[in-house]
Every structure is written in structure tokens, then in C-alpha cells.
Amino acid sequence: MAKIAWHIAHAFTQGHKSAPAAFREVENQLYSLSAALTAFKDICGTDLAAVAIDPSKLPTRFQTQEQDGMQSVAGILDSCYETLKHLEKIVENYGVVVTPKDPAKSRFRRWSIEMTKNYKKIAWTTEAGDLAALRSQLMVHTNSLNLVLGIIVSSRTTRIEDGLKNNSAMLQEIYSWWSQNLKDVAGPQAQKDDLSLGLQGASNLLSFEVHLISNGTPQILCSHASLHDDWKETGSMQLFVCRCSQPTSGHPRVEKIALSPLSFPFRQAGDTRSWTLFKALDKSTGQMVSVTVKNVAASGIIEFEETFIQPLAEARANAMLRQGISNQLAHLSPDEGHIRALNLQSDLKDCHKLIDSVTFRVGHRNLSKPRVDGLSLLNYRELGQQTSRSLADTLDHAELSIYYGSEGMGESTDVTKSVVHSAKKLHEKLEDMRVELLVTSLQYPRPDDVVALHLQATEVQCEVAIIPDAELLITRNSRDEHRLIVASRNRCTVLSQVLPHSFFDSLSSTPSFTAPTWLVQLEGNGKRKVYHYPDGFRFLSFRNTSAEKMFELGRTAVLQGAGPEKTLPLR
């Protein structure tokens with residue numbers, strides 16, 4: 001089933017150009033469902049009996065309940081399979097397929113014209129529901145599987161004997177909830193405001209500013225550009241398109257920028273998102289140039305990075321290593337297990353002119369080296385890790401490289417800044433990178449974390465933020481500390497809190513969230529704000545009552561898994 005879900009999601013990805021914008025959300029849900037099914041298979045295998053508790057080891061009065069618990073898991077999987085097979089038929093009926101020369105490539109090419117015109121009339125679910133109903137149904141399947149996985153992980157701790165009865169009851173509650181909310185119930189009609197929450201900005205073409213770096217100074221080429229439809233095609237000689245509203249105000253030079261075999265993208269550290277494209281080709285002069293992209297709308301930043309920056313960086317890094325090229329853009333990790341590609345750079349240009357020397361200290365020994373010729377502060381991503389879309393592969397540290405001139409060089413004569421200004425400028429650049437690493441650590445599970453609960457919700461609310469189209473995680477580390485992460489799908493809002501011990505005091509009481517909390521928000525222009533609330537917040541509520549019920553069931557499962565499960569991999 002995981003493969004079926006992935007192939008269907010891939011069809012939605014392949015059909016981006018010919019599909020309505022609403023397909024993007026269904027595509028994301030399908031990838032999430034595929035990841036949940038893969039995790040279920042990795043932990044439980046193909047034998048459903050391994051999911052349930054052996055009835056012979058329970059008192060007689062629990063044996064019937066345990067059998068019901070096993071049937072509930074089978075029912076969830078059967079319903080999921082039915083939904084996926086129905087979608088598979090839709091792809092076959094309304095997709096244009098070909099026989100590729102490479103059998104490893106997908107047969108799906110694009111959606112048919114009939115689909116793009118009449119997609120609102122298609123029965124997307126087995127109950128003849130629309131796209132909104134399909135998205136809701138896929139979310140239910142994913143949440144149910146993730147919750148079952150949470151219960152299974154909890155049952156593998158040292159408290160398994162004490163938790164047998166409660167685990168069985170929770171499985172029965174999941175099955176009852178699924179029966180009442182999904183089984184034999186017609187899909188709900190599309191709600192315009194609900195759908196628009198998840199698709200805001202997705203239907204509009206992503207636009208941004210393009211600047212050419214000339215002699216270290218940015219020069220604007222176009223204030224309203226977008227990516228060319230065929231930018232990723234081999235041999236494409238145009239990267240950007242000018243989208244300025246007035247024909248007379250067009251910027252033809254921006255359309256002369258193309259990718260070269262040496263082009264490499266990375267992000268600049270700072271509160272405002274911007275990206276540098278290193279060694280792009282300016283066809284008007286035939287020169288290699290650096291280009292900066294900025295002012296991407298906050299709602300489109302994740303899409304821009306996932307569809308342009310990351311794929312291009314991965315392709316270029318792999319190509320460089322195949323050619324035996326290893327440098328600060330891409331290289332192998334020290335253990336040679338992964339390729340590292342440049343992810344973030346903090347701009348330290350000309351800072352070396354403000355530094356007289358650098359002192360290294362080891363124990364009681366000091367070594368001072370003058371003639372600093374350059375500085376770079378870099379953060380990398382590791383490629384080739386099989387992680388889901390919601391997990392970061394960004395390293396949790398940055399590298400500071402110092403370059404020295406030769407011993408024969410004379411002293412620099414262009415230092416005009418004061419000592420105070422020099423220290424302030426360097427500190428600002430170091431602080432930019434530190435904040436970037438902090439934000440990354442707040443958004444994603446850390447290396448020693450195990451995901452104990454993973455849910456999706458239409459909207460999550462508290463007094464410090466309202467988070468639409470939310471993904472909710474509770475993680476547990478090796479010190480038995482639990483962390484709550486709530487993030488919108490487009491990562492415009494992220495809430496992170498190390499849960500207080502009172503969160504687990506009693507299942508009958510309202511959970512407590514009175515612990516230091518971080519909130520990261522992207523404004524409409526892409527500028528980032530980071531807030532810290534020392535006392536946390538008072539409540540966490542859900543727009544949908546079924547999501548609130550799932551959270552309470554998940555909280556029960558997390559409460560019973562007190563000890564860290566060290567044998568399970570981070571997913």
C-alpha cells in the first residue's frame with residue numbers, strides 16, 4: 001500500500017503543470033500516508049497478528065476486547081486500501097500514460113484535458129466525495145496509522161504488562177471513532193474557507209525579485225520575476241521570466257540568466273529569506289555571475305525551496321562528486337557516508353579587513369595568527385538520507401573557515417572601521433547563523449529524538465498563535481524529555497515547547513503547557529520573527545473535535561510510554 005500511495009502521489013507531482021492548484025494538497029497528504037504506511041511495515045511487518053496482543057496471555061474477560069483491537073487495525077488498513085485502489089483507477093482513467101524507454105521511470109506524463117475541465121465533477125472517494133472530502137479522508141487514514149504506531153511503540157516499553165488493558169481500549173476507541181466518522185458515511189461537501197486555508201498562495205504563481213551581484217553590489221534585474229516553466233529541462237537556456245504587469249516595464253536582461261553546469265544555489269542567513277545562485281550564466285555577456293533571489297511570499301517559501309533550491313543543489317552536488325570535485329559547495333562527510341551540500345551562508349564579505357589576528361587557545365597555550373585574508377561561515381545539508389518530507393537533514397552546527405595570506409604580504413591599508421564597529425559587524429553575522437540553527441532545531445526532531453505522536457489537524461489554536469493546516473509532533477529524547485512541535489505545512493508558523501512534567505500528571509485533567517515556548521513566524525514579505533514566552537501558554541485547542549479526540553488518545557499513549565525506546569529508528 002505504501003508503494004501504491006507513493007506512485008499515486010508521484011502522478012500528482014508529475015501532473016503539476018496540467019493540474020489545478022488544489023491537487024497540491026492531495027499530493028502532500030498522499031506522501032504523508034505513504035510515509036505512515038512505510039513506518040507501519042517497518043515496525044510491524046506484514047503479519048497483523050504481530051500488532052495485537054496475544055489473547056492467551058490475558059485474563060479471559062479481556063480476550064474478546066483484544067480480538068476487537070486487532071480487527072480495528074485490520075479495518076483501518078482495509079479502508080485505506082479501498083481508498084488507494086479507487087484513486088489508482090482515477091489516475092488510470094484520467095491520466096495520459098506512455099511507455100518510457102527507461103522502465104524505472106513513471107509511465108504517467110500528465111492529466112488529460114477532460115480531467116482539468118471536469119475535476120470538480122469526479123467522484124474522488126468511494127462515497128462520491130469531492131477533493132475536500134478526499135483530503136479529509138487521507139488525513140484520517142494518516143492520523144489513525146500514526147496513532148496506532150504510537151500505541152505500538154509505547155507497548156514495547158518496560159510497562160507493557162501494565163498497559164495491556166489501556167492499549168486494547170485505545171485501539172477499540174480508534175476503531176469506534178473511525179466507524180462513526182468515516183465508515184459508510186458520505187464525504188462532506190467542499191467548504192471554501194477550509195480549502196482556501198491550505199491553498200492560500202498555492203494557486204498564485206510564485207514571484208520574486210532577482211538581483212545581479214556586480215562588483216559585490218546587488219543590482220536589481222526584475223522586481224516581479226518567476227521561474228521559467230522549462231527551467232529543469234536539459235539544455236534549457238532560460239531560468240527566469242519577467243512578470244511585470246506593464247509590457248513597457250519589462251526587464252529583458254533577467255530572461256538572459258540561465259543555469260550553467262557550475263551553478264549552485266544556497267540560502268543566505270538572516271531574518272529575511274534570500275538565496276544566492278552561484279555561477280549562473282549571463283547570456284548577454286557570456287560571463288559567470290552570482291544572482292540573488294529575494295522577496296518570495298511567505299506562503300510560497302517552502303514550495304520554492306522544495307521545487308527549485310533543494311533539487312538543484314542535490315543534482316549539482318551529486319554531479320560534482322561524480323567528477324571528483326570536492327570543495328565548500330559540496331563534499332563527502334568525514335566518514336564518507338553522506339554527501340554534504342552547502343545549505344546556508346552568513347555573508348562575511350570584507351569582515352576579514354576588520355580583523356587584525358585570530359587567537360587559537362588549547363588548554364593554557366595560545367597561538368595568534370595575523371594576516372586574515374578571508375572568512376566564511378557555512379552550514380550544510382546531508383544528502384541521501386531516507387527521511388520523510390517533514391524531517392530536516394540540516395546539520396546542527398556551522399563551520400567557520402579562516403583564510404590567511406602568505407607570510408610575505410604587507411599589512412592591509414584599507415581598514416577604515418573602528419574596533420567597536422568591527423566587532424559589532426562580525427557579531428551580527430555570527431548571530432544570524434546562530435538564529436538559523438536555533439530555528440532549525442525548533443522545527444524538527446533532533447538526532448536523539450523518537451517521534452512518540454504524529455498528527456495532522458485542520459487548525460490548532462492557542463493564545464499566542466493560530467496555526468492552519470497543522471502538523472503536530474510529540475518527541476521523546478534519551479533523557480525522557482518530551483517536546484511538542486506544532487507547525488503549519490508551509491512552515492510560516494512553528495510552535496515548540498519542552499513539555500512540563502505536569503502535562504502528564506493525570507489523564508482526567510486538562511494538560512498543562514506552562515513551560516518556556518518558542519514561536520517562529522514568517523510575515524507576508526518573508527521576514528522572520530522569533531518570539532520567546534517564558535511562561536508558555538494556557539491552552540491548546542483544535543478546530544475539529546475529532547482531531548482533539550485523536551490528540552487525547554495520543555496523549556494517553558505517550559503517557560504510558562515513559563521510558564525511551566532505543567531500539568526503534570527515528571522516522
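For the range 523-558, list residues with backbone N below 19 Å from a point placed 7 Å from the Cα of residue 245 toward its Cβ? Counting only backbone N, you get 525. Here r is the Cβ-Cβ distance between residue 306 and residue 332 and R0 is 22 Å; the resulting FRET efficiency, rounded to 0.05, is 0.35.
The length gained by stretching the chain between residue 232 and residue 205 to full extension, at 0.36 nm per residue less their Cα-Cα distance, is 8.0 nm. Stretching the chain fully between residue 287 and residue 527 yields a gain of 83.2 nm (0.36 nm per residue, less the alpha carbon separation).
Over all other residues within a Cβ to Cβ distance under 15 Å of residue 500, the charged ones net out to +1, with Lys and Arg as +1 and Asp and Glu as -1. Between the beta carbons of residue 114 and residue 448, assuming R0 = 41 Å, the FRET efficiency works out to 0.20 to the nearest 0.05. 3J(HN,Hα) along the range 361-368, derived from phi through the Karplus expression 6.51 cos²θ - 1.76 cosθ + 1.60 where θ = phi - 60°, amounts to 10, 10, x, 9, 9, 10, 10, 10 Hz, with x in place of Gly and Pro. Using the Cβ-Cβ distance between residue 427 and residue 402 with R0 = 25 Å, the FRET efficiency computed as 1/(1 + (r/R0)^6) comes to roughly 0.95.
All of the numbers you see were taken from the coordinates with simple rules; none came from a lab. Everything numeric in this text was worked out from a predicted model, so none of it was measured. Neighbour counts are summed over all protein chains in view; Cβ atoms, including those assigned to glycine, are modelled from backbone coordinates with ideal geometry.
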